[in-house]
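Have a look at the structure below before the remarks.
The values are calculated or read from the model by the stated rules, or taken from the named source; none is laboratory data. Quantities reported herein were computed from a predicted structural model and do not represent experimental measurements. Here Cβ is always computed from backbone atoms with ideal geometry, including for glycine, and neighbour counts include all displayed protein chains.
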Amino acid sequence: MSFSSPESDDSDNGIPASWLPEREEVLLLNRQRLVQGNWTEVRDFLRQLPRPLASSAFTVCLLSDRGIRRYNKQFRHQDKATDVLSFPAQQPGQTSQDYLGDILISAETARENARRYGLRVEEELKVLILHGLLHLLGYDHENDGGRMARIERQYSRKLGLPQNLTERAGKPLPETRRSFRNHR
């Protein structure tokens, strides 16, 4: 079922906020207007996530660089845009059967990174969704001795993703003809 809500500006760009029919607990919100993409492909990806990953409800919200920068400044004290932020509903060590949390993704940064790494924007969004979802499940690549990287690599292969974020972050950026802003 699809709908637009009064608090959503999604109708302005022709992409309504949608509950997914097969997985009504997964919500994809588009709160930005600058990046166009095949949102049906992204919704289909969310539908195919295996239950060990998507065991409970969660939300993916696409934002502008400006929007994600505000969240990054408020919650991580870093006054810059970033690609993905995850906000688990529970504290570390706790589990919830009802709601995992929220994943915020900068669609602008995703588009730039897609260009940089030779991907389509939809592929980059899938990479970022998987990474954010693992954070919602309590994984932390900065403190887990490589556990998140192994799981991310495993699910990236299962889901047919061309890359994964944790491994990519440890490699030098590919050369580009155009200079990109550093969002990390």
Residues in the stretch 37-89 that are surrounded by fewer than 17 Cβ atoms within 10 Å (Cβ to Cβ), modelled with pLDDT of 95 or more and assigned to a loop (DSSP other than H, G, I, E, B) total 5
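Run down L161, L136 and say which single residue is buried (at least 16 other Cβ atoms within 10 Å of the Cβ) and out of contact with any Pro (no Cβ under 7 Å at 6 or more places or on another chain).
On inspection, the qualifying residue turns out to be L161.
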- Query: Does E152 satisfy the condition of being buried (at least 20 other Cβ atoms within 10 Å of the Cβ), assigned to a helix (DSSP H, G or I) and not polar (S, T, N, Q)?
  - Reply: yes
Of the listed residues (E167, E122), the one being within 12 Å of the chain's Cα centre (by Cα), of a type outside the set (F, W, Y) and either over 22 Å from D102 (Cβ atoms) or surrounded by 13 or more Cβ atoms within 10 Å (Cβ to Cβ) (or both) is E122
Of the residues in the stretch 62-75, those that are basic (K, R) and within 17 Å of the chain's Cα centre (by Cα) come to R66, R69, R70
